[in-house]
Structure formats: structure tokens, C-alpha cells
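Okay, handing you the structure first.
A short reminder: the numbers here are calculations on the coordinates, not readings from a lab. Since this is a predicted model, take the numbers as computed values, not measurements. Virtual Cβ from ideal backbone geometry, glycine too; neighbours counted across all protein chains shown.
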Amino acid sequence: MFSKEELVIDNLGKIYYAGEQRINALQQIDLKVKTGEFINIIGPSGCGKSTLLRCIAGFEKPTVGRVKVRGSEISGPGIDRMMVFQDFEQLFPWYTVLENIIFALRVARISIDPKKRKKVARYYLKMVGLTRFEDLYPHQLSGGMKQRVAIARALSVQPRILLMDEPFGSLDAITRFSLQKELIRIWKDTGLTIIFVTHNIEEAIILGDRIVILEANPGTIIEIVENTLSRPRSLEAVEFNRIWEQIHTLLGFENREQQESGKSITKLFREERELSFLPHA
Amino acid sequence: MKLTRFKKSLRNKTLNQGMFIIGMMILWELLARTECFPPLLFPSLSSILINLATEIASGEILGMISFSLYLVGVGLGFAILTAAVIATLAMISQLISDWVQALMAILHPLPGIAVLPIIILWLGTGPQSIIAVIWFSAVWPLIANLHTGLRSVSATQIEVGRNLGLKGITLVRFVLLPGAFPYILTGIRIAWARAWQASVAAEMVFGASGGIGGLGWFIYKKRFFMEIPSVFGGMLVIILLGLLVERFCFEYVEVRTVRRWGMTSE
Amino acid sequence: MKKTIGILCCFLLIAGLSFTLPGTAAPGQEIRIAGQFGLVYAPLMVAKKRGIFEKYGLKPVWKEYGSGGAVREALVAGEVDVGFMGIPPFLIGWDKGCQWKVAMGFVVIPVGLVTYDPAIKSLKDFKPGDKIAVPSPGSVQHILLAMAAEEELGSANALDNNIVAMPHPDAAAALISKKGIKAHFTTPPYLFEELSQPGFHLVIDDLQIFGHPFSFNVGVANQRFHDQKPAAYSSFVNAIGEAMAWINTNKKAAANLLAPEFKLSPEKTLEYLTWEGMNYTTAPYGLMGFAEFMQKSGYIKKVPRSFEEIAYENILAFIGNRAGVPSEIESLQYK
Ligand SMILES: Nc1ncnc2c1ncn2[C@@H]1O[C@H](COP(=O)(O)OP(=O)(O)O)[C@@H](O)[C@H]1O
Ligand SMILES: [Mg+2]
């Protein structure tokens, strides 16, 4: 199904120095991502998920190892790898929704003609369902809407890889669910490669083809779980629960009590799902 | 929609303040007419306004206003340039940032007018000294605000900019400056007020001026010729100009930028 | 016990003393004087130091002001009864309706325009950028400069854009360091100090401009004070007269008395007091000369029709009113 290797991470290591302290944020990370693949990265807080993504994006220089995109080593940030952050403040507040996207198109020199830029920007706004809000300023949007605009902006410069660092992490469950659904749709439509960081097991299972599980101190890959569940994925599926248990155990929750509470989270999530049939923006 | 509501509240505020000021003016006129105070020292508002009208008609005061504004413009312009350079250097190097902060802590509380004697010794009397005092009064609040402003720009927004391929000057132009704009605006506002005060004070305290002189010199001169209504007239002009710039320049810009963008704390 | 009684007695004594203090003081007439400091005000300082006011039954209340402008404003506001100022500032106030008149002449001193620039030999040599410092607009120096400008350059306003207002010490410092100003129109002791610098010279002086000596300062009393306390008024005039007479006859002693006040050596002080042209006298000179010029040049709107409008009876009596051709002292009031 996946032919070429889009992204190769080769023996990546990242060490931070915070004063006297030496933080081994990432160590010996090896990962190959095929074109069009949807990868999830999950792990406890502080295990280096963001660091990994930032190394791929080119915001951080690896201490050792390489990041290669389609055969050539990256040297810095680029529009072929667009990042979507968890932070709601990632939109430029001095531009309207539409202007934010037009600005991205302009500086990325995607289209020269201003009229065409506007058309392109509208196209991506439509993709995330925000056509009616193009003239609002970011401060007038809800958190979910902001994240949609951020996704639209990232998509507009036609990256090959979309890097998403817990983009739905600060959203309520209902918004989160609908955005997950839309992300899958967009992914299918565009054939993008997506690397998606989350700390939510359900989210990882719902979205990814493979789930990379990290552990902290030092940040290393402990397992890569294949997820071949057919989409749309149902939380009810036996396989879903099997993967859930597997990840849960890998993340170190072996205590039965914790498992119970984990299951009840699943249950809660199921209820949220039903709620999510309510109309949304 | 939010904007129109804001405009409405602005109009209301203007109305309230206008009424208050008119009340004060009436009180002034009445108080002056009772002659509780020597009329020479406390002239009636009407005499002040009549005087002012003739001075405006004669062109005397307009020349002084433009001279004052010219001095403030030049001083403020230099201050903005200096602040931009220093704040940029402070952005680049932590060492310079520390120095700038130390310098700011020392010199910011010093009123510009207090350095006038030294400036006169160095630069002599005349417009260049007044410009220097204006520059000194304006540059610290500008640096302080620019410095904090640039540092307060969202790290995420900077990274979005870098992700899109911005770096160096373009990153400053498209992300850092607009991101720091609320602070920049505040800085320029404070700097303007201080520069304006300094220009008047410098001319009034030392009568140091060149050519026709500005509003401070106008007041100073009128005081010595005991033309007290003209002294009040000069003050009135200073107040009005300050108010006009605040209301019609800064508030105008603020409503169209920072408030529209939701970048204010309120 | 004895001790406590002793202390108690002490307290009572002190209390009793302080209670009776106002009663024991001389029942003098209060006069509020705008006190100023400097060579010009030597008679005032002498009168103060030698207790001359008290001798005349006056109880002086001193008020200090930072500038001539402030003294004049204090008089207008009624904060003080008497003050000293140049004839032009007095006339400006009179023109604006201040209720005051000249009570006495005060001092005749040399006034001169000093420069360090050898190229400047007369007013014609001042270029547009050359700054001339005067103490303030409307001061004696300013009006003298305007008089000279009218004479030499054809217009009283010819040098208006060259003028900067600076207090004497600042201007003297600026001139001596040759920074900012080209010339300083000033009085002793700054005049002496500046002229003692190598290359510094007079461009023009008061005698060349006015033609004869004039009162650099006059004593001005508020009409209300003059009318309501005639005894205090005349005592004040007489007290100043006595102080002046003492200086004029005891210059050495005066120098010794004033030297510490001026922070100068007695020799230097004596040198200043005896400088050619210095004259402490209650006789007024040049009252009308200034008024006529200032009116003609637009600094004031009207000219006194008679001395009565600007001077009190002691001055009127002093100047006199000769039938026929005016007397010499009458003529000296004109330019
Ligand atoms: N700029 C930095 N300087 C020093 N330490 C850092 C820096 N960024 C991250 N770290 C450290 O690296 C580790 C991994 O951080 P991060 O990648 O943000 O974790 P995660 O996103 O998985 O929560 C953490 O221990 C964090 O404290
Ligand atoms: Mg993170």
C-alpha cells in the first residue's frame, strides 16, 4: 500500500542542557514513515514527543542522527513539513481568518496572483468548514475554530508532511471528536503523510495506521503498534479494545485498578460519541 | 458589531467628558468674574479665548505650534530609531539586553528636563538641545516597551513564521513587529506625552530656543510681559494639542489595530 | 524631689518666657519684603545685617524668590509689600494695571554686552545664528538691546531671534566656555568676571545706549501698602536710605560685611563695590526714557502722563517740578 519512504529518522538523539542538568530528551530513535501514512506518537508527558516533532520540523537540531525527507537530510524548517500546534495562539491575531491563510500563501510564495491566493485560501477554509467565518479575527473564534484555521493554513501551503503536536489536546471531547473525523477525511482526500502526537490512547487508535509508543528518560521508542482496524473505527470493536489494552500495558499501567479506571474512560468516551451527533460549527 | 458598540460607548464617553469640561469652563468664568483673585493673575476664560483668537489670527501662535511640533517630531523620530536599534541589539545578545535593562533602570526615572543643564553645556542653547531633551525623555519608555514587546511575542507564532520560511528581517517585519505592536503603541504614546511635555518645559525653564521658538517660549515670553491671558492661552493650546493627538491619532490607531485584533488585555 | 522641682521650675520658666515673647518684641510695623541676593541688593543686605529696619520700627518679613519674574508676580498677588526690579518690568506691570508705583531708586550699575568673538565689534556684526543671552524677555537688558538695535540696526526687533533667556550664572558659564551663546548682556559681578577673560570685550554698554546713567533697579511698593501704612512706607524708604549712605561712606566695612554673603574675598568685594559707575542711590534716573521707548516699540501701550502715575510723593518731591525749563534731575528721567 505504501510505496516510498517519505521520512526516515535515523538514530536520532537530542540532549538538552538546562543549567547543570543534562536532559536526554531523545535517544536512538529510528523510524521510517511511508508516503501517505498516518503515524501516531504517544507517551507520557515529558518523553520527548514534542522534541521529536520539532526535530522533524527543523526547529531543533538533533544532537546525533539524521532526519531525512525523501532521501535528503533536512537543514531547517520548511513548508514541506508544516506544524500544527496545541497552542490556540498559533494564529496571527492581526490577520483575519482568511488573511492568516493568504499570508501563509504569500510568504510561502504558493501563488503569486492575489486574487488566486484568495481563492486558494477560501478553498482550504471550506475544507475545514469555516467559510462563513473568514472575516473574523482569531480572538473572535472558539478554540476548535482556531485549530481548524491552523489546519487550513498548514494545508494551504501544500506540505508533504503534516506534523501535529496534540492539536486537539485543549479541546472539549465533542469538538475533538468532530475534528478527528474531519482530519481523517482530509487525510484521505489529500494523501498527506501525518505525524500526530497525542497523549490520548483512544485518539491514537482512532487515527493512526501505526502508533509509536515512547517512554521517558531517556526518550526512546518502546514499541510500534500496527493498527489495521478498518475505518471508520468503532470503539466497540473487539480489536479496538485489544489495541487499547496493549498500549495501556506498554505505557506501564499494569495495575488492575488503573485498568478499570482506564476502561471507564473508554466508556465515558463512548457517551461523548453519542453526544457528538449534535450539530456543530 | 463589536466595533460599532465600541464606537457608541466612545461617543458616550466623549459626551460625558465634554459636559464636564464645559462645566469647568463655566465655573472658571464665574470665578474670574467675582474677582476674588486679582484679575491680572486669574483672567476670565472669555478674555483668554479672545486673546487666543487674535493670536491665532495674527499667525503668531501657529508658527509656534508648528515649531514645537517640528521639534517633537524630530526628537521623537530619533528616539524611535534609537529604540529600534537598541531593542534589536538587545534581542540579539543577552549581554546587551542586560546592559540596556541596567541603563533603563538608571535613566528611565530621570525627567528629561533634569538633563537640560548638561545638554546645554554640551550642545549649547538652541533647537538641538531641546531636541536632545525630547529625545532623552522619549527614548526610555520606547526602549522599555519595545524590549518587553518583542519578548512577549508568542513563541508559537514565531515558529509558525519560521515554518513558513521567514527569517531575519522578514520574521521581524511580519511576525515580531505586529506581535509587539500593542507594546509599541503604548511606548509611542508615553513617548509622545513625555516628548511634548519636555519640549514645553525645556523652553519654559531655560527659555532656550532658536528662531521663533515654540509654545514653551511663547508662554515664557508672555509671562515676562505679564500677558497672563496669553499664558493661559498657550497652556490651552498645549492641552488641546495633546488631547487631539491622543484622541485622533492614538485612539484612532488603537481602535483600528490592537482593539480590533483583540490584543488588549481588557 | 528637689531635682523634680528644679526641672519643673525650668519648664515653667521656659513656658513663661515663650509665652511672653510676643509681648516683649518691639511693636514694629510689619513689612513683607521680596528679598533678593547679589551685588545689586547690597543695601538690602546691609540693612538686614545691621538691624536698620528694626531701628526704624519695622518688622521685616523676608520672602525669597527665584527670579525677577517671580518677585513681580508676588507683588501682584499681594504676597509682599515691596520688591525691587528694573524699570521695564515695573512699567510692563504698570501698563497691565498693577496697583504699584516707584518708591525709590535703588542702584545704578554698569550694564554691558560682552562677547568673546573678536569679529563682533558692534551690533551689526551679529549673524542670525549668534545667540545673545539676556536674563529674561522684558528685562532691562532686553530693552537696552532693543534700544541699541533700533539705533544701530534700524529696528527694535532686529535681534529678537538672536535672544535667548538664561539666568546670569548659566549664561556666564556658557559664555566663558564659549558654548552655545555668542554674547551676554549682563551686570556685575558677572560683567567683571566675563571681561577679565582674555579676549572678552564689550560690544556696547548702558551709557552708549541710554546716554546717561539710569536706575538699574527701583524699589516698588504696592499702592495698598503705601496707602494703608504710610508710616511703614516712609520708614522703609528711610531705612534703605540709611543703609545706602552707610555703604557709600564705609565701602571697606561694607565689603567686609558682605564678603561672606557673596562668598568672595573682602578685597574682591571691595573691588566690585568701587567699580567705576557703581552708585547706590535712592534717586531715580531714566523712568520716562524707558517708558517712551517701550511704548514706541510696542512693549507697553501707554506712557505715564506725569510722574505722579508711576511714583510716590517722596519721589515726586525728589524730582521736583521746575517752572519753566525742566531741572537737571527732571531731564535725567528722559533719555
Ligand atoms: N528547550 C528545552 N530546554 C531544556 N529542556 C527541554 C527543552 N525542551 C524540552 N525539554 C525537556 O525535554 C524533555 C522532553 O520534552 P518534550 O519533548 O516537550 O516532551 P513531551 O512533548 O513528550 O511532553 C522534557 O524533560 C523537557 O523538560
Ligand atoms: Mg509536548
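Quick check: net charge around A:PHE240, other residues with Cβ under 9 Å of its Cβ, Lys/Arg +1 and Asp/Glu -1?
In short, -1.
To the nearest 10 degrees, how steeply does helix C:140-153 sit against the main Cα axis of chain C, on a 0 to 90 scale?
Orientation of helix C:140-153: about 10 degrees from the principal axis.
By how many degrees, 0 to 90 and rounded to 10, does the Cα axis of helix B:177-206 deviate from the longest principal axis of chain B?
Orientation of helix B:177-206: about 30 degrees from the principal axis.
P(r) tail for the protein assembly as shown, what percent of Cα pairs lie past 39 Å?
In whole percent, the share of Cα-Cα pairs in the protein assembly as shown beyond 39 Å is 60.
A further question on this structure: Hey, got the average number of other protein chain Cβ atoms within 10 angstrom for residues in B:29-38?
Details: counts 0, 0, 0, 0, 0, 0, 0, 0, 1, 6.
For peptide B:29-38, the averaged partner shielding equals 1.
How big is the antiparallel share of DSSP beta bridges in the protein assembly as shown, given as a percent to the nearest 5?
Percentage antiparallel, nearest 5: 55.
Here's a follow-up. Give the peptides B:217-225, B:37-45, C:145-153 in descending order of average Cβ contacts within 10 Å, highest first.
Peptide ranking by packing, descending: B:217-225, C:145-153, B:37-45.
Order the peptides B:254-264, B:63-73, A:159-169 from the highest to the lowest mean number of other Cβ atoms within 10 Å of their residues.
Ranked by mean Cβ neighbours within 10 Å, highest first: A:159-169, B:63-73, B:254-264.
Can you give the calculated 222 nm mean residue ellipticity of chain B, where each DSSP H run of n ≥ 4 adds -39,500 (n - 2.57) and the sum is split over every residue, rounded to the nearest 500 deg cm²/dmol?
My calculation for chain B gives -25500 deg cm²/dmol from helical runs alone.
Measuring from centroid to centroid over Cα atoms, what is the spacing of segment A:214-252 and segment B:93-121 in Å?
Centre-to-centre (Cα) distance: 60 Å.
Volume per residue, Å³, of the convex hull around the alpha-carbon atoms of segment C:67-146?
117
Something else about it: Let's test this: bin the Cα-Cα distances of segment C:194-264 at 10 Å from zero up to the farthest pair and state each bin's percent.
Going out from 0 Å in 10 Å bins, segment C:194-264 shows 14, 23, 35, 22, 5, 1 percent.
Find how much the distance from A:SER45 to A:LYS126 grows on full extension, using 0.36 nm per residue of separation minus their present alpha carbon separation; answer in nm with one decimal.
Details: separation 81, 0.36 × 81 = 29.16 nm, distance 3.42 nm.
This chain segment gains 25.7 nm when fully extended.
So for the pair B:LEU30, A:LYS34, with labels modelled 7 Å out along Cα→Cβ, what separation do we get in nm?
Modelled inter-label distance: 9.1 nm.
Once the Cα atoms of helix B:60-92 and of chain B are each reduced to a long axis, what angle between those two axes, in degrees from 0 to 90 to the nearest 10, is obtained?
20
Something else: List the GluC sites (Glu not before Pro) within segment A:8-61 that DSSP assigns to loop and that have no more than 10 neighbouring Cβ atoms inside 10 Å.
On the way: sites: A:GLU20, A:GLU37, A:GLU60; in loops: A:GLU20, A:GLU37, A:GLU60.
Loop-located and lightly packed - A:GLU20.
Modelled label-to-label distance, B:LEU95 and C:THR249, 7 Å Cα→beta-carbon offset: nm?
It is 7.8 nm.
Continuing with this model, one more query. Quote the FRET efficiency, to the nearest 0.05, computed for A:ASP80 versus A:LYS119 with a Förster distance R0 of 22 Å and r equal to the Cβ-Cβ distance.
Once rounded, the FRET efficiency stands at 0.45.
Using +1 at the Cβ of each Lys and Arg and -1 at the Cβ of each Asp and Glu in segment B:135-266, identify which of B:HIS147, B:GLY187, B:LEU171 lies farthest towards the dipole's positive end.
B:LEU171
Can you sort B:MET204, C:MET166 from fewest to most other Cβ atoms within 10 Å of each residue's own Cβ?
Details: B:MET204 22, C:MET166 25.
Arranged by neighbour count, lowest to highest, B:MET204, C:MET166 become B:MET204, C:MET166.
Ok, one more. With a ≥ b ≥ c taken as the square roots of the eigenvalues of the C-alpha gyration tensor of segment A:125-250, please select rounded if a/c is under 1.5 and otherwise prolate if a/b is larger than b/c or oblate if it is not?
prolate
As an exercise, use a Förster radius of 41 Å and the Cβ-Cβ distance of A:ALA18 and B:ARG173 to find the FRET efficiency, rounded to the nearest 0.05. Kindly include the intermediate steps, with their values, before the conclusion.
Numbers: r = 32 Å, r/R0 = 0.79.
Plugging the Cβ-Cβ distance into 1/(1 + (r/R0)^6) gives 0.80.
Taking 8 Å as the Cα distance limit and 6 or more residues as the minimum spacing, I'd like the relative contact order of chain A as a percentage.
Relative contact order for chain A comes out at 23 percent.
Moving on to the next point. Counting only DSSP beta bridges with both residues in chain C, what percent are antiparallel, rounded to the nearest 5?
Of all bridge pairs located within chain C, approximately 60 percent are antiparallel.
Could you tell me how many cubic angstrom of Cα convex hull volume chain A has per residue? Kindly include the intermediate steps, with their values, before the conclusion.
Numbers: hull volume 39.8 nm³, N = 281.
Roughly 141 Å³ of hull volume per residue.
For A:LYS61, list the lysines whose Cα falls under 23 Å from its own Cα; do not include residues on the same chain fewer than 8 positions away.
List returned: A:LYS14, A:LYS32, A:LYS34, A:LYS49, B:LYS167.
Tell me the label-point distance for the pair C:ARG305, A:LEU235, using the 7 Å Cα-to-Cβ offset, in nm and rounded to one decimal.
10.7
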